[in-house]
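Have a look at the structure below, then the notes.
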Amino acid sequence: MHDSSLMTARQSEKQAEPCTISLSSNAASLRQNLFSDSRTRTDRDNVVRLSFDNSAGSGLLDFIEFNPDFNIIVSDCFWAQAGFIKYAGEGWVRFNFCIDATACFDFEDHGSFELRGQELRVFYQPEGVECGHRIDAGGRSICVTISVKRPYLETIIGKALDLSPALASRDATDGFFFKRYELAPASLRAVADLLKMRHRGTLRLLYAKAKSEELLVTALSGVQIDDTPRAQPLLRSTDRQRISEVREILDGQFADPPSVSALARRFGINRNKLAYGFREMNNRSMGEYICEKRLETAWSLLLDTDMPVTLVANEVGYAHVQSFSTAFRRRYGFSPRSLRHNPTAD
């Protein structure tokens, strides 16, 4: 474990009180490093609340362990300063129900993932795969993160439920996995309930566990695989025209594109039909199309201007130059700076 933080939080006179909670080593290191001057309140050995208000930011963090294979972190924080933490892979499946965030996950060779706004992120970080967590200055972190071991998923839902291979405990590959989903209304309500829960002691633990299991149910419903063939949406001429107009919007706003839901509302088209129709008409998803436009534009800016690489990254929509460099290298096989050194690269 090599956790570190660039946060320069002021050390308060009152140090954190000792606690005996037995969470993952990542969570323990997070408490020790990022919130070293936080105020700690413990109702039980497996329920800890940290509160902080210093030069790094302010907010609350709850760590709750239901059993060694099932725990949650409830976060409602504002970051005044940028920071960086590194998490070691511990073989957890994580369900991150996010209301607001401005950050980035960098999973080494597996790629970087910008964390923006409201969504559900489901990912599996195998042991040995480290994650660099970059936090933007002026950003928020309002979310609930559920961490479970894959055998535990099988225990609570049974072996009959057909899950994505990355979630199933009998997955032969046992590899990295990162997926994004739209937050269901039921998930939004449960997250809000966890953020404002006022219970103490045993009642707090029972309430948090019930809400966390409710979140798991809604999340697993969204990632469950249905092998029954489904009729694809019928694309009428008006649908195709609207999808063409969506593409024009993305051509002009790829650096800060509207969400799929916002585009669907704007053009009066079903969200699923929009996503399916865009892929059918453009041979790629909207996310893939946006990434392609960003990198193609970055290529031109690197060759045709003297703009620093960091500014090129920001210009095309990447908040972190590391994320931009990783995406650029994955697409073209070399770094943005290498292109400038060898502008004849094919």
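Remarks
- Furthest towards positive pole of dipole, Gln253, Ile269, Ile243, structure part the stretch 237-283, Cβ charges: Ile269
- Greater than 27 Å apart at Cα, pairs in Lys179/Lys293; Lys211/Lys273; Lys86/Lys149: Lys211/Lys273
- Peptides 129-136, 290-297 ranked from most to least packed give 129-136, 290-297, packing being the mean of other C-beta atoms within 10 angstrom over each peptide's residues.
- Total charge dipole magnitude, the stretch 75-131, about the Cα centre, Cβ charges on Lys, Arg, Asp, Glu only, Debye to nearest 20: 140 debye
- Backbone HN-Hα couplings from phi across the stretch 324-333 [Karplus 6.51/-1.76/1.60, Hz, Gly and Pro as x]: 4, 4, 5, 5, 5, 5, 5, 6, 10, x
- Positive dipole terminus of the stretch 192-346, leading residue within Met281, Leu216, Gly317 (C-beta point charges): Leu216
- Phi-based couplings in Hz for the stretch 77-84 (Karplus 6.51, -1.76, 1.60; Gly and Pro marked x): 10, 10, 10, 6, 10, 6, x, 8
- Placing R0 at 30 angstrom, the Cβ-Cβ distance between Arg236 and Arg331 gives a FRET efficiency of 0.30 after rounding to 0.05.
- R0 of 22 Å, Cβ-Cβ distance Arg189-Ser259: FRET efficiency to nearest 0.05: 0.65
- Anisotropy class of the stretch 292-341 from Cα gyration tensor, a/c 1.5 cut: rounded
- Note on the stretch 237-283: with charges restricted to the Cβ of Lys and Arg (+1) and Asp and Glu (-1), its dipole about the Cα centre is near 220 debye.
- Per residue, the convex hull around the alpha carbon atoms of the stretch 237-283 comes to 64 Å³.
- In this simple spin-label approximation, Tyr181 and Arg279 carry label points 7 Å from Cα along the Cα→Cβ vector, and these lie 1.6 nm apart.
- Spacing of the two label points (7 Å from each Cα toward its C-beta) at Arg266 and Leu303, in nm: 2.9 nm
- Shape call, the stretch 46-123: gyration tensor on alpha carbons, a/c limit 1.5: oblate
Read-outs: derived from the displayed coordinates by stated rules, not from any lab. The structure presented is a predicted model; accordingly, all values stated were derived computationally and were not measured. As a convention, Cβ positions derive from the backbone with ideal geometry for all residues, glycine included, and neighbour counts pool all protein chains shown.
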